[in-house]
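Where a number appears in this text, it was derived from the coordinates with a stated rule and is not lab data. Remember, predicted model here, so these are calculated numbers, not experimental data. Using ideal geometry, Cβ is built from the backbone for each residue, glycine included, and neighbour counts are taken over all protein chains shown.
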Amino acid sequence: VQLQASGGGLVQAGGFLRLSCAASRSINTIARMGWYRQGPGEQRALVATITKAGTTNYADSVKGRFTISRDNAQNTVYLHMNSLKPEDTAVYYCYVFYLYTDYWGQGTLVTVSS
């Protein structure tokens, strides 16, 4: 599975961005998709995941501000990010767990200025 992430950029604190991750195959049967991020000097960490059934999971730091969704018709998973904070600055990676294998996109940079 190849993943193409997009939507990153520079935004002011309090702003909004939507990240997209397009998969190279149908996502109808993909068990779990999601987003991770890696900030400067930090390890890659979970942001949000969504299962095939639509069950979502979020890191505590983004609950109430970020929403993950998937569009099976477009083979795409989205991350809607509201009320962005400078500490959200990171490279965001989309992720797919399919047939017992992890697949990663190339990352998209989100920079939040104060």
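Reported to the nearest whole Å, the Cα centre-to-centre distance from the stretch 26-53 to the stretch 100-114 is 9.
Note on the chain: the alpha carbon radius of gyration divided by the globular reference 2.2 N^0.38 Å gives 0.99. Looking at the stretch 31-114, the trypsin sites (Lys or Arg not before Pro) that sit in a DSSP loop and have at most 14 other Cβ atoms within 10 Å of their own Cβ are LYS52, LYS63.
Let a ≥ b ≥ c be the square roots of the eigenvalues of the Cα gyration tensor of the stretch 7-57; is it rounded (a/c under 1.5), or, if not, prolate (a/b larger than b/c) or oblate? Prolate is the answer for the stretch 7-57, as a/c is 1.5 or above and a/b outweighs b/c.
Quick check for you: which residues of the stretch 14-41 have the amide N under 18 Å from the point 7 Å beyond the Cα of TYR100 toward its beta carbon? Only 30-32 fall inside the zone, counting backbone N under 18 Å. Among THR29, THR51, THR67, the largest mean-square fluctuation in a Gaussian network model of the chain, built with springs joining Cα atoms closer than 10 Å, belongs to THR29. Once the Cα-Cα distance is subtracted from the 0.36 nm per residue extended length, the GLN74 to GLN2 segment shows a gain of 24.5 nm.
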